[in-house]
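Asker: Take this structure, written in structure tokens, and hold onto it; I'll ask about it next.
The values are calculated or read from the model by the stated rules, or taken from the named source; none is laboratory data. Quantities reported herein were computed from a predicted structural model and do not represent experimental measurements. When we count neighbours, we look across all protein chains shown, and the Cβ atoms used for this are built from the backbone with ideal geometry, even at glycine. Only protein heavy atoms, including side chains, enter the accessible area calculation; ligands, DNA and RNA are left aside. Shrake-Rupley method; radii C 1.70, N 1.55, O 1.52, S 1.80 Å.
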Amino acid sequence: MSWPALYAQLAGANRHSTSLGKVWLSVLFIFRVMVLLVAAESVWGDEQSDFTCNTLQPGCENVCYDQFFPVSHIRLWCLQLVFVSTPTLLVTMYVAYRNHRDRKRLLQSGGRTGFLHSKDQDSELDTLKSRRLHIAGALWWTYACSLVARLLFEGGFMYGLYVLYDGFQMPRLLRCDQWPCPNLVDCFVSRPTEKTIFTVFMATASSICMFLNMAELAYLVAKAVARWRL
């Protein structure tokens, strides 16, 4: 996955967002993507190889590992980041549509009025590309829907993580009696304390992102209500 390419797309859309949206993007990439790439992947790199059970029965460790860890934390967090980032691309698509429509209108207007000065025309087109759109009208609805989708994805993945692993704490000892294990066997997780710290940290960062999204949505609604009253 190309995280720099995703960041470039989100940063382009964030040019039209509020200050809270810019803070959200910083938290997303500094405290979640960077931590995931730099530290978390190395912590979970030995996840299955160092999962040991006190039995030599072939297949027992694999079955027990699959029972307690149906989805890897790393893959789940990567999916979460992709799903959370995707709604922002709706804003990018709408901005691209607006720029294309206004560019076409500008070229048609220039052709009708005999606007042949290429330097002035290029200046107008450059201004069109770098402008910052005001969050109103269709852009307001697109932006608000992207925030709601972010909140739903964040909440859904956090709930799924909590249900799958029965909380955010990594257990030291697991007991398994799945076939083909001969009896109730004890299984041990490598570095459970370190994994618990990272799990709590990622859940906290996700909660902060949810709070920023809710605050930004409330800010947009408040501004829309104030504008409507005027």
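Asker: I want to check the label-to-label distance for Arg75 and Arg101. Put each point 7 Å from Cα in the C-beta direction and report it in nm to one decimal.
Answerer: 4.2 nm
Asker: Same structure again: Quick check: pseudo-label points 7 Å beyond the Cα along Cα→Cβ at Asn62 and Trp141, how many nm apart are they?
Answerer: 5.3 nm
Asker: With every protein chain present, what accessible area does Cys53 have (1.4 Å probe, heavy atoms only), rounded to the nearest 10 Å²?
Answerer: 10 Å²
Asker: Please compute the modelled spin-label separation between Val38 and Phe201, points set 7 Å along Cα→Cβ, answer in nm with one decimal.
Answerer: In this crude spin-label approximation the distance works out to 0.9 nm.
Asker: Could you rank the peptides 20-26, 221-227, 189-195 by their average count of other C-beta atoms within 10 Å per residue, with the highest value first?
Answerer: Numbers: 20-26: 18.6, 221-227: 11.4, 189-195: 15.3.
Packing order, densest peptide first, comes out as 20-26, 189-195, 221-227.
Asker: Right, another one. If you count, for each residue, the other Cβ atoms within 10 Å and average over each peptide, how do 136-142, 80-86 line up from highest to lowest?
Answerer: On the way: 136-142: 13.6, 80-86: 18.6.
Those peptides, ordered most packed to least, come out 80-86, 136-142.
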